[in-house]
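Written below as structure tokens is the structure these notes are about.
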Amino acid sequence: DANWYGWLERELRRDSPFREVVVPETMPDPVGAKESVWVPFMRDTLKVGADTVVVGHSSGAVAAMRLAEETPVAALVLVSACHTDLGDPGERAAGYYARPWRWDAIRANAGRIVQFHSDNDPFIPDTEARHVAENLQSEYSELPGRSHFFTPPFAECLEVCREIAASTT
């Protein structure tokens with residue numbers, strides 16, 4: 001139950017119109033979070049496609065954006081998203097930031113884009129998240145005092161997921 005993922009999974013399984021809720025126990029390469037591993041895993045193993053709502057947190061949000069450059073999805077729910085490597089060698093090595101973002105492709109491939117950020121995130125500056133929001137024209141919410149969204153519950157995310165599910169079924 002790292003962060004709020006397990007909580008969200010339980011809530012969505014309990015009372016949502018989603019046909020299936022998939023939360024991997026762990027992502028492959030969880031420390032490096034490399035694009036060359038995560039994006040193919042999402043596409044090929046998790047079978048993310050046009051009927052999928054992808055919820056991505058931090059590196060997962062960045063992976064979701066890169067996936068949506070090439071793969072249509074029903075919606076993206078991005079939590080603590082950024083667009084640069086933040087000067088971090090580990091982030092740089094993950095491979096997401098070595099080329100320009102294809103914002104138009106992401107917008108075209110995602111039926112809806114919702115984004116959450118915290119006003120006191122210790123890792124992702126709000127300027128990063130706002131840049132993503134501006135370029136994706138996402139539905140952006142900056143929530144007070146949520147840090148890097150480490151702990152459940154995350155009612156705002158649950159409500160958006162329920163809303164998206166109700167509108168796509």
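The values are calculated or read from the model by the stated rules, or taken from the named source; none is laboratory data. Note that the structure is a prediction, hence the values are computed from the model and not measured. Note: ideal-geometry Cβ built from the backbone for every residue, glycine included; neighbour counts use all protein chains shown. Just the protein is used for accessible areas: all its heavy atoms, side chains included, with ligands, DNA and RNA removed. Shrake-Rupley method; radii C 1.70, N 1.55, O 1.52, S 1.80 Å.
Before moving on, here are some points about what is shown:
- Viscosity 0.692 mPa s, 37 °C: Kirkwood-radius Stokes-Einstein D of region 34-119 over Cα pairs, µm²/s: 257
- In terms of packing, defined here as the mean over residues of other Cβ atoms within 10 angstrom, the peptides 90-100, 65-75 line up highest first as 65-75, 90-100.
- The chain gives an Rg/Rh value of 0.92, both radii derived from C-alpha positions and Rh following Kirkwood.
- Taking amide H as placed 1.01 Å from N in the peptide plane, residue 73 has its amide H under 5 Å from the amide H of 110, 111, each at least 5 places away in sequence or on another chain.
- Note on residue 9 and residue 99: with the Förster distance fixed at 35 Å, the Cβ-Cβ geometry gives a FRET efficiency of about 0.60.
- Whole-Å distance, taken between Cα centres, linking region 135-152 and region 37-51: 24
- Surface analysis of the chain yields an accessible area of 49 Å² per residue, using protein heavy atoms and a 1.4 Å probe.
- 222 nm mean residue ellipticity, helices alone, for the chain (DSSP H n ≥ 4; -39,500 (n - 2.57); rounded to 500): -11500 deg cm²/dmol
- Each Lys and Arg adds +1 at its Cβ and each Asp and Glu adds -1 at its Cβ; summed about the Cα centre, the chain shows a dipole of about 400 debye.
- Charge dipole (the chain, unit charges on Cβ, about Cα centre) - positive-most of 153, 62, 4: 62
- Rounded percent of accessible protein surface that carbon and sulfur make up, region 86-169, 1.4 Å probe: 52
- Per-residue 3J(HN,Hα) values for region 5-14, derived from phi via the Karplus relation 6.51 cos²θ - 1.76 cosθ + 1.60 with θ = phi - 60°, read 5, x, 4, 4, 4, 4, 5, 5, 5, 5 Hz in sequence order (x marks Gly and Pro).
- Put simply, the convex hull of the Cα atoms in region 20-61 casts, on average, a shadow of 3.0 nm².
- For the pair residue 137 and residue 166, the difference between a 0.36 nm per residue extended length and the Cα-Cα distance amounts to 8.2 nm.
- For region 150-156, Karplus couplings with θ = phi - 60° (6.51, -1.76, 1.60), whole Hz, Gly/Pro x: 7, 10, x, x, 10, 4, 5
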